[in-house]
1. Starting from residues that are loosely packed, with under 14 Cβ neighbours inside 10 Å and within 17 Å of Gly130 (Cβ to Cβ), keep the ones in the range 18-44 and report whichever is modelled with the lowest pLDDT.
2. Which condition number does Asp145 fail, the rest of (1) among the acidic types (Asp, Glu); (2) at pLDDT below 95; (3) over 16 Å from Gly33 (Cα atoms) being met?
3. Could you tell me whether the range 50-65 includes any residue that is modelled with pLDDT of 95 or more, crowded, with 18+ Cβ neighbours inside 10 Å and not small (Gly, Ala, Ser)?
4. Just to be sure I understand, how many residues within the range 68-91 are closer than 23 Å to Glu125 by Cα and surrounded by fewer than 18 Cβ atoms within 10 Å (Cβ to Cβ)?
5. Here are Gly128, Gly106, Gly112: which of them is surrounded by fewer than 14 Cβ atoms within 10 Å (Cβ to Cβ) and not acidic (Asp, Glu)?
6. Would you be able to tell me the number of residues in the range 96-147 that are under 19 Å from the mean Cα position of the chain (by Cα) and part of a loop (DSSP other than H, G, I, E, B)?
7. Filter the range 70-95 down to the residues that are in contact (Cβ under 8 Å) with a residue 60 or more places away in the chain and part of a strand (DSSP E or B), then identify the one that is nearest to Ala54 (Cα to Cα).
Amino acid sequence: MGVLKPSLVSPSPPEVPNEPTAQPGAGAPGQLGALRGLRTAPELSDSQRNQLRAELADALVPCPWFTIGVMAPTATDAVAALRRCEAAFGWPALTAADPASTAIEGPVFLKGNQHTGTYLLRREEGLGEGVLISGQHPDEPTLTDTWGPLPLDLL
């Protein structure tokens, strides 16, 4: 599999490896592992999107709760990506810690935490674009991992 390097522009899609689906704490083989270190989510083919969704679903299974980071060009895009993740994985909807923050203009970073049930939005210049999901497991730290950046519209 080719090595993916961080880039300010959308990189080429990662090669689709013939590896088993990702296992938390095992170095995230497959496409999840190929995303590590990227600055922004890559463009993906339909088959790569399907494989990535399956790997992510498998990786999330052992984690009792999650944090999510969304790097997006607008607050609306960030919240929409959060809502797609919540719907796709059956997560309870997070509420804005500061409802006025949803009116921020320009690029943003959204940080959501299932443990607190809230998300924060802040204006942030110079970020890439994508979703970062961190599985949390306080009793088994080896299962704690972060996956992404995933495309904003992956789910």
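1. Only one residue tops the list, namely Gly37.
2. Going through the list (1) among the acidic types (Asp, Glu); (2) at pLDDT below 95; (3) over 16 Å from Gly33 (Cα atoms), Asp145 breaks only (3).
3. Taking the range 50-65 as the starting set, the residues that turn out to be modelled with pLDDT of 95 or more are none.
No, because not a single residue in the range 50-65 is modelled with pLDDT of 95 or more, crowded, with 18+ Cβ neighbours inside 10 Å and not small (Gly, Ala, Ser).
4. So in the range 68-91, the residues closer than 23 Å to Glu125 by Cα come out as 68-83.
Still in the list and also surrounded by fewer than 18 Cβ atoms within 10 Å (Cβ to Cβ): 73-74, 76, 80, 83.
Counting residues in the range 68-91 that are closer than 23 Å to Glu125 by Cα and surrounded by fewer than 18 Cβ atoms within 10 Å (Cβ to Cβ) gives 5.
5. Numbers: Gly128 fails: surrounded by fewer than 14 Cβ atoms within 10 Å (Cβ to Cβ); Gly112 fails: surrounded by fewer than 14 Cβ atoms within 10 Å (Cβ to Cβ).
Only one candidate passes the filter, namely Gly106.
6. 13
7. Val70
The values are calculated or read from the model by the stated rules, or taken from the named source; none is laboratory data. The shown structure was predicted, so the numbers you read here are calculated from the model rather than taken from an experiment. As a convention, Cβ positions derive from the backbone with ideal geometry for all residues, glycine included, and neighbour counts pool all protein chains shown.
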